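In what follows, a single structure is set out as structure tokens and then discussed.
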Amino acid sequence: MLTLGVNIDHVATIRQARRTVEPDPIAAAVLAELAGADGITAHLREDRRHIQDRDVRILRETVRTHLNLEMAATEEMIAIALKIKPDYVTLVPEKREEVTTEGGIDIVKNLDKFTFVVDKLQSADIPVSWFIDADEKQIEAAAKTQAKFIELHTGKYADAVNGETIQKEFITLQKGTKQALELGLRVNAGHGLTYWNVYPVACIEGIEELNIGHSIISRAVLVGLERAVKEMKLAIKNQL
Ligand code: PXP
């Protein structure tokens, strides 16, 4: 069954706007889980612009579903993951000046280094997921690293503005999923998914988890987090 990982970064974004203690992403994670979230996702960025080290530590103790720690493949982050032991790690590219994670990570260019990173994390029983574009060569490289998962970057699909490009990007996601499954990878997807564009992606056979943040937290500001999570669960089933 397709699961929903709720990304709570933007709760921390509001808190960090004032460098204060509210709203607390820990409370958001609890509410999201009570509303039916199947997992909680948090991205500890190198610049700590939203999620803080303290958040990740407490989430590890409080999350009752599963905790997906998004992070860059750096020594600092690997050390944190080895200490925290999230249920899985999603490795993402990070550029300080970007507004959000703008593209997938380049495994092809860093194959040896990244194979080592996967081995280090998975030897400690932390499954690794690579956040990549649905690109044939990147998917092949992800499989070569022996990672358990990939997360397909759905940003291009989400940003597509006309029917033809939406369809083209959708087919790319479908093909990427099929290729990954054939290579023995498990497949998640996320980025830019909303109440309006999520359903087709939810229908792609073989995708296990959708990681969604901005759209849910945006709606939560207006209608409350529990309702926003429940409505996303409905949108995934085309029942909203
Ligand atoms: N998946 C990954 C790997 C991400 O980096 C992000 C953004 O932090 C998301 C999913 C969620 O994207 P959005 O906030 O656009 O739903």
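The values are calculated or read from the model by the stated rules, or taken from the named source; none is laboratory data. Note that the structure is a prediction, hence the values are computed from the model and not measured. Cβ: placed from backbone, ideal geometry, glycine included. Neighbour counts: every protein chain shown. These area figures cover heavy atoms from the full protein model, side chains too; ligands, DNA and RNA do not enter into them. Shrake-Rupley method; radii C 1.70, N 1.55, O 1.52, S 1.80 Å.
Miscellaneous remarks
- Checking every one of the GluC sites (Glu not before Pro) in region 53-98 against DSSP loop status and a limit of 12 other Cβ atoms within 10 Å picks out Glu97, Glu98.
- Orientation-averaged projection of region 112-191 equals 5.0 nm² [convex hull of Cα atoms, one quarter of hull surface area].
- Per residue accessible area in Å² of region 138-221, where ligands, DNA and RNA are left out and the probe is 1.4 Å: 47 Å²
- Of Gly176, Gly39, Gly163, the one that fluctuates the most in a GNM where the chain has Cα springs shorter than 10 Å: Gly163
- Reachable lysines, given that their alpha-carbon falls under 20 Å from the alpha-carbon of Lys95 and they are not under 8 places away in the same chain: Lys109, Lys113, Lys156
- Farthest towards the positive end of the charge dipole of region 117-240, among the residues Val229, Gln167, Gln138, is the Cα of Val229, using unit charges on the Cβ of Lys, Arg, Asp and Glu.
- Too-long pairs where the Cα-Cα distance tops 27 Å, listed order kept, from Lys83/Lys178; Lys148/Lys178; Lys85/Lys137: Lys83/Lys178; Lys85/Lys137
- Computed FRET value (nearest 0.05) for Thr115 with His66, which takes r as the C-beta separation and R₀ as 22 Å: 0.35
- Helical content of the chain, expressed as a calculated mean residue ellipticity at 222 nm, amounts to -14000 deg cm²/dmol (DSSP H runs of 4 or more residues, -39,500 (n - 2.57) each, divided by residue number, nearest 500).
- Solvent-accessible area, 1.4 Å probe, carbon plus sulfur percent, for the chain: 53 percent
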